[in-house]
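Step one of this worksheet: look at the structure below.
The values are calculated or read from the model by the stated rules, or taken from the named source; none is laboratory data. What you are looking at is a predicted structure, and each value in this text was computed from that prediction instead of being measured. Quick note on the areas: whole protein, heavy atoms, side chains included, nothing else; ligands and nucleic acids left out. Shrake-Rupley method; radii C 1.70, N 1.55, O 1.52, S 1.80 Å.
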Amino acid sequence: MAHALVISVCVITAAVLAELGMSVKETLVLLGGASGVGATALLAVVTGGGSGGRLSRLLRAYLSSGN
């Protein structure tokens with residue numbers, strides 16, 4: 001549910017900024033960011049989040065490597 005709220009806020013923000021005079025290109029970048037957040041949240045839900053799996057092991061390895 002939280003990812004739906006993030007996407008909604010990004011879309012609403014993009015709509016408001018477009019009305020305030022922001023260019024269409026910048027507005028589309030915001031919508032692309034919202035789509036990226038939604039895709040990441042969906043991937044986390046489908047793969048089980050941080051409970052296990054290759055993606056979470058890869059993320060843990062990267063974060064623990066000191067980068």
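Solvent-free Debye calculation, one equal scatterer per alpha-carbon of the chain: log10 I(q)/I(0) at 0.12, 0.17, 0.18, 0.21 Å⁻¹ equals -0.45, -0.71, -0.74, -0.84.
Ligands, DNA and RNA left out, the 1.4 Å accessible surface of the chain is 72% carbon and sulfur atoms.
Give me the accessible area per residue for the chain, probe 1.4 Å, as a whole number in Å². Spell out each step's value before the answer.
Details: 5100 Å² over 67 residues.
Per residue, the chain has 76 Å² of solvent-accessible surface.
Stretching L17 away from T47 to a fully extended chain increases their span by 7.4 nm, per 0.36 nm per residue minus the current alpha-carbon distance.
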